[in-house]
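The values are calculated or read from the model by the stated rules, or taken from the named source; none is laboratory data. Note that the structure is a prediction, hence the values are computed from the model and not measured. FYI the Cβ positions are ideal-geometry reconstructions off the backbone, even for glycines, and counts take in every protein chain you see.
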Amino acid sequence: MDVRLLKKEIIEYSKTIGIDKIGFTSASPFTEMKNRLRIQQELNYQSGFEEQDIEKRVTPSLLMDSPQSIISIALAYPSKMKERVIGKKGERRGIFCRASWGTDYHIILKDRLKKLEEFIAEKVPGAQFKSMVDTGELVDRAVAQRAGIGWSGKNCSIITPEFGSYVYLGEMITNIRFEPDTPMEDRCGSCNKCVEACPTGALVQGGQLNAKRCIAFLTQTKGFLPEEFREKLGNRLYGCDTCQTVCPENKGKDFHFHPEMEPDPEIAKPLLKPLLHISNREFKERYGHVSGSWRGKKPIQRNAIIALAHFKDETAVNDLIKVLNEDPRPVIRGTAAWALGKIGGENAKNALLKAKETEADLEVLNEIEKGIELCS
């Protein structure tokens, strides 16, 4: 088997199935990443969503017998909407981050990796593969960096010269030994814009993220959002793009190669008030195909309530009173109480005073007290 020829054929084939960039690296352990992950763990900077076993995250041989190489792929996604919708008074809108525009990227990348596996299997009978996207054990960025896809930026994203950091990543471990590609040189230099722009100071320093302070993580939590972060959330419903939008490498980068990644503006930037009363079934039907729906409707609804408070949307007061009085979930009732306080007005204050008399949950009562104080 001519592995050099095979690599060339894989690269050519990848272009025909919608893979925008492909790179190859060895399956040796990611020793530098291991040290970084240990430090993250010691500092309690991890989100809790990742694979907890550090060895599995950095040792391909624990994931597959006799691995020889890892193939890394990148797909560019849009940074701008072709059709725009604009919120206005009484019709305020929230926003899903770009990584939740269009069809869930896990589905798209798994499709490309499966096609790649089938292509290689035809050429090399007996070839073995283990593919993963985002939720797999390996650190996508570490693989992509070593495979020459791009460099690991200070914003903790892989930055490619062609597409900036607006790329989805996936990888495939295989038992075929390919010649590895050369890692790319870091081009961030003295630029520190992402670190300085992070709304919550989650980028502790270039390349180090305290995930527990990251808005992208916080939008996915299900409990009460700590008060220090509520003002920072703005109208974000899921994710955060600030550290990408300020990056000079992303200036002018906007690619529309994949139709399934195109956002429906009414889903990517939805009206806030209807989200407060949406049923589970309606939520699944409307938002189930986007990656931002994976935690269910509760975090999205909580964030929508905070966004209405951010806009001080007086037209939402009656909706929020309904939520405060009728929603069975303490987090949603309590967040509505706080939002009513932020918006203020006699109607909001009277509703809070009335709810205080009947509310039994201590956390909700605490939020009602905050709301009353904000109204005063």
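Taking the stated definitions as given, is ILE159 at pLDDT 95 or above and under 30 Å from ALA121 (Cβ atoms)? Show your work before the answer.
Numbers: at pLDDT 95 or above: yes; under 30 Å from ALA121 (Cβ atoms): no.
Answer is no for this residue.
Using beta carbons and a limit of 8 Å, which pairs, at least six apart or on different chains, have the first residue in the range 230-242 and more than 15 Å from GLN220 (Cβ to Cβ) and among the β-branched types (Val, Ile, Thr) and the second one part of a loop (DSSP other than H, G, I, E, B) and modelled with pLDDT of 95 or more?
THR242/CYS198; THR242/PRO199
Of ILE159, ILE149, which residue is in a strand (DSSP E or B) and within 22 Å of the chain's Cα centre (by Cα)?
After applying the criteria, what remains is ILE159.
Only one residue in ILE71, ILE22 is of a type in the set (Val, Ile, Thr), within 22 Å of PHE163 (Cβ to Cβ), touching an Asp or Glu at 6+ places or on another chain (Cβ under 7 Å) and buried (at least 19 other Cβ atoms within 10 Å of the Cβ). Which one?
Details: ILE22 fails: touching an Asp or Glu at 6+ places or on another chain (Cβ under 7 Å).
Just a single option satisfies the conditions, and that option is ILE71.
So, GLY201, is that one loosely packed, with under 15 Cβ neighbours inside 10 Å and either among the charged types (D, E, K, R) or touching a helix residue (DSSP H, G or I) at 6+ places or on another chain (Cβ under 9 Å) (or both) or not? Let's see the steps before the verdict.
Details: loosely packed, with under 15 Cβ neighbours inside 10 Å: yes; either among the charged types (D, E, K, R) or touching a helix residue (DSSP H, G or I) at 6+ places or on another chain (Cβ under 9 Å) (or both): yes.
Taking the combined requirement at face value, the residue satisfies it.
What do you reckon, is ILE176 crowded, with 17+ Cβ neighbours inside 10 Å and part of a loop (DSSP other than H, G, I, E, B)? Quick ask: steps written out before the conclusion?
On the way: crowded, with 17+ Cβ neighbours inside 10 Å: yes; part of a loop (DSSP other than H, G, I, E, B): yes.
Taking the combined requirement at face value, the residue satisfies it.
Return yes or no: is CYS194 in contact with a Lys or Arg (Cβ under 8 Å, 6 or more places away or on another chain) and either among the polar types (S, T, N, Q) or surrounded by 20 or more Cβ atoms within 10 Å (Cβ to Cβ) (or both)?
Numbers: in contact with a Lys or Arg (Cβ under 8 Å, 6 or more places away or on another chain): yes; either among the polar types (S, T, N, Q) or surrounded by 20 or more Cβ atoms within 10 Å (Cβ to Cβ) (or both): yes.
Taking the combined requirement at face value, the residue satisfies it.
Within the range 345-363, which residues are within 20 Å of HIS310 (Cα to Cα) and buried (at least 17 other Cβ atoms within 10 Å of the Cβ)?
Restricting attention to the range 345-363, the residues satisfying the condition of being within 20 Å of HIS310 (Cα to Cα) are 345-349, 351-352.
Of everything in the range 345-363, those that are within 20 Å of HIS310 (Cα to Cα) and buried (at least 17 other Cβ atoms within 10 Å of the Cβ) turn out to be ALA348, LYS349, ALA351, LEU352.
Looking at the structure I just gave you, is VAL317 of a type in the set (Val, Ile, Thr), modelled with pLDDT of 95 or more and within 22 Å of ILE86 (Cα to Cα)? Steps first, answer last, please.
On the way: of a type in the set (Val, Ile, Thr): yes; modelled with pLDDT of 95 or more: yes; within 22 Å of ILE86 (Cα to Cα): yes.
Against the criterion (of a type in the set (Val, Ile, Thr), modelled with pLDDT of 95 or more and within 22 Å of ILE86 (Cα to Cα)), VAL317 qualifies.
Could you name every one of the helices (runs of 4 or more DSSP H) located completely within the range 309-376 that has at least 3 residues being in contact with a Phe, Trp or Tyr (Cβ under 7 Å, 6 or more places away or on another chain) and of a type outside the set (A, V, I, L, M, F, W, C)?
Values: elements: 317-326, 330-343, 346-358, 362-375.
Counting at least 3 such residues, we get 362-375.
For the range 22-62, give me the residue count where each residue is within 13 Å of VAL143 (Cα to Cα) and not in a strand (DSSP E or B).
Step one: list which residues in the range 22-62 are within 13 Å of VAL143 (Cα to Cα), which gives 22-34, 57-60.
Now narrow it down to the ones that are not in a strand (DSSP E or B): 27-34, 57-60.
The qualifying residues number 12.
Filter the range 89-124 for residues that are part of a loop (DSSP other than H, G, I, E, B) and either hydrophobic (A, V, I, L, M, F, W, C) or within 20 Å of the chain's Cα centre (by Cα) (or both) and give the result.
From the range 89-124, those part of a loop (DSSP other than H, G, I, E, B) are 89-90, 92, 94, 97, 101-104, 124; that's our starting set.
GLY94, CYS97, TRP101, GLY102, THR103, ASP104, VAL124 - these are the residues of the range 89-124 that are part of a loop (DSSP other than H, G, I, E, B) and either hydrophobic (A, V, I, L, M, F, W, C) or within 20 Å of the chain's Cα centre (by Cα) (or both).
With touching a residue at least 40 places away in the same chain (Cβ under 8 Å) and over 24 Å from ASP111 (Cβ atoms) as the only criterion, which of LEU203, LEU169, LEU218 stands out?
LEU203
Looking only at the range 253-279, how many residues end up being in a helix (DSSP H, G or I) and either in contact with a Pro (Cβ under 8 Å, 6 or more places away or on another chain) or of a type in the set (Val, Ile, Thr) (or both)?
The first filter runs over the range 253-279 and keeps only residues in a helix (DSSP H, G or I), leaving 259-261, 265-268, 273-276.
Next cut, either in contact with a Pro (Cβ under 8 Å, 6 or more places away or on another chain) or of a type in the set (Val, Ile, Thr) (or both) only: 261, 267.
Residues flagged as in a helix (DSSP H, G or I) and either in contact with a Pro (Cβ under 8 Å, 6 or more places away or on another chain) or of a type in the set (Val, Ile, Thr) (or both) within the range 253-279 amount to 2.
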